[in-house]
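Worksheet: one structure, shown below.
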Amino acid sequence: MNRELSILVHLQKNVGKQFGKQINNSTDCDKLASLLSYNFNTNLSAQTLRRFFGLIKSTSKSSHFTLDLLAKFCGYQDFENFSKSYSNSELELFFGDVENNEKDYWKKSEQLCRQISESPEMLINTHHRLMAFPLARKYFMENHPMRDMIGTVYSQYFLAYLKFNKSNEAKIFAYGFLFKSAFLLQNTELMELYYKKVKETELTNEVHVIPAGLKSGVQLLYADFFGNEYLFRKYSAEMKKVRLQYLEASEKSVCSFEYTVLESLIFTNRTKEMKFLIENNTVQKKNDEGYIPLQRKQTHDEVWKILCAVAYQKIGDQKSTEWYFNLVNPENLEIGWKKYYSIMYYFVDLNRVEEVPKTNTIAKLKVLINKTYFSYYQDLLNNFLECTNNEKHREGHVEQQPLLVS
């Protein structure tokens, strides 16, 4: 396929994603024509769209007006801008001279994550630079969303990502992360905002299993946080139905639908639902589509152990908690993931039934919370320390009572 035809096919697919389904018939073209007229206050006939999507035979090429309008519908300035973003040359310009393959871009992207995490200046400079490269921004954010930094200005990266990525999948992905950021920073107003954004975004055909699980998880966490029992039961029932629709996709994914929902539920005390997700987790049977390095698979496996340890501790199953906890090696977590999930791991350690001092674990948690700015965990740690101090005070008081009596 030559470059020109390849770009047109890519535009057709992108229009379909923005529309919510691929354009396959005349009715779709009629609806798209109405949508274009409404959004841009201009007329493009359904017949012209039928020719563009190959539903009727035509020897003439699409006009600049048609191509520009469809490119704008996909979030681009014009067709020329869309064509530039489609080319891998943009990734080359952003990441530097590479061998032009997914593996090399992945490594470059991972290296950038490391630089961002170590330098506040790099965090700001990269954000401004990414604004000029929509395709690079899409690649970077979708493959390396840095959970460790969602409590910082890094969260603005997700809003920039949405500027040129307006599909339902992109919206759930970005707004889902922004909701988690608001939750961990205890910003209820932003939680409301991003929950509504996630809620109103439909699970159309192009939405991958991971964003689908994120949508369910966000809705369940929201309902639990605000104490809406009716809403929680409603979302729980919906989640179980959606799960069945994504069973086959979960079998092909590096992490399942159940895994993604559990990532949100571990912030609640909904032990019944947690147990259901763990016991019904869909195991990967086939490789992911596209390039997923071994390190990412290793990270997901490590996260699953941590999530299970957290869940079983809340369930009160000490044996299962210890089993999963002892399997975890936090060093297997990737850059951008390590702090976020290590905090969960160390809180499990903090609450384990052991007659040993937790001084080292507390020190590690203080460092991690200080670096991530997650006030949610700061409150948890403060409550633990307060309860521990009160308990020690009571024990000391009891020991001294006989002396007072005598």
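Go ahead and run the numbers for FRET between Asn360 and Glu386, Cβ-Cβ distance against an R0 of 22 Å, rounding to 0.05. Intermediate results must be reported in sequence, preceding the final value.
Details: r = 20 Å, r/R0 = 0.90.
For Asn360 and Glu386, the calculated efficiency is 0.65.
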* Exposed trypsin sites (Lys or Arg not before Pro) absent - longest run of the chain, DSSP non-H/G/I/E/B, at most 13 other C-beta within 10 Å -> 62-284
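Calculated FRET efficiency, Ile315 and Lys285, Cβ-Cβ r, R0 30 Å, to nearest 0.05? Numbers along the way, then the final one.
Values: r = 27 Å, r/R0 = 0.91.
With a Förster radius of 30 Å, E is 0.65.
Just rank Thr42, Thr66, fewest to most, by other beta-carbon atoms within 10 angstrom. Please report the intermediate quantities before stating the final value.
On the way: Thr42 10, Thr66 18.
In order of increasing Cβ crowding within 10 Å: Thr42, Thr66.
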* Asked: Does anyone have the angle between helix 359-372 and the longest principal axis of the chain? Alpha-carbon axes, 0 to 90°, nearest 10?
  -> 30 degrees
* Structure fact -> Longest principal axis of the chain (C-alpha) makes with the long axis of helix 338-350 (C-alpha) an angle, in degrees to the nearest 10, of 30 degrees
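Summing Lys, Arg as +1 and Asp, Glu as -1, what charge do residues with Cβ under 12 Å from the Cβ of Asp28 carry, Asp28 excluded?
Here the charged neighbours net out to +2.
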* So how strong a dipole does the chain carry about its Cα centre when Lys and Arg Cβ are +1 and Asp and Glu Cβ are -1, to the nearest 20 debye? -> 1020 debye
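I need the GluC sites (Glu not before Pro) found in the stretch 300-368, filtered to DSSP loop residues with at most 10 other beta carbons within 10 Å of theirs.
Taking the stretch 300-368 and a limit of 10 other Cβ atoms within 10 Å, the loop GluC sites (Glu not before Pro) found are Glu354, Glu355.
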* **MRE, 222 nm, helices only [DSSP H, n ≥ 4, -39500 (n - 2.57), over the chain, to nearest 500]** => -22500 deg cm²/dmol
* Structure fact -> Lys and Arg at +1, Asp and Glu at -1: neighbours of Ser58 with Cβ under 15 Å from its Cβ sum to +4
* **Acute angle (nearest 10 degrees) that the helix 209-225 long axis makes with the longest principal axis of the chain, alpha-carbon atoms** => 50 degrees
* **Ordering of 152-162, 374-384 by burial proxy (mean other Cβ atoms within 10 Å per residue, highest first)** => 152-162, 374-384
* What is the stretch 150-270 by shape, rounded, prolate or oblate, if you read a ≥ b ≥ c off the alpha carbon gyration tensor as root eigenvalues and call it rounded for a/c under 1.5, prolate for a/b larger than b/c, and oblate otherwise? -> oblate
* To do: Please state, to two decimals, what the Cα-based radius of gyration of the chain comes to when divided by 2.2 N^0.38 Å (N = residues).
  => 1.15
* Asked: Rounded if a/c is under 1.5, else prolate if a/b beats b/c, else oblate: with a ≥ b ≥ c from the C-alpha gyration tensor eigenvalues square-rooted, which is the stretch 234-324?
  -> oblate
* Structure fact -> The summed charge of the Tyr161 Cβ neighbourhood (under 9 Å; Lys/Arg +1, Asp/Glu -1) stands at +2
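The numbers here are math on the coordinates, done by the rules we state, and not lab data. Because the structure is a prediction, the values reported are computed rather than measured. Neighbour counts are summed over all protein chains in view; Cβ atoms, including those assigned to glycine, are modelled from backbone coordinates with ideal geometry.
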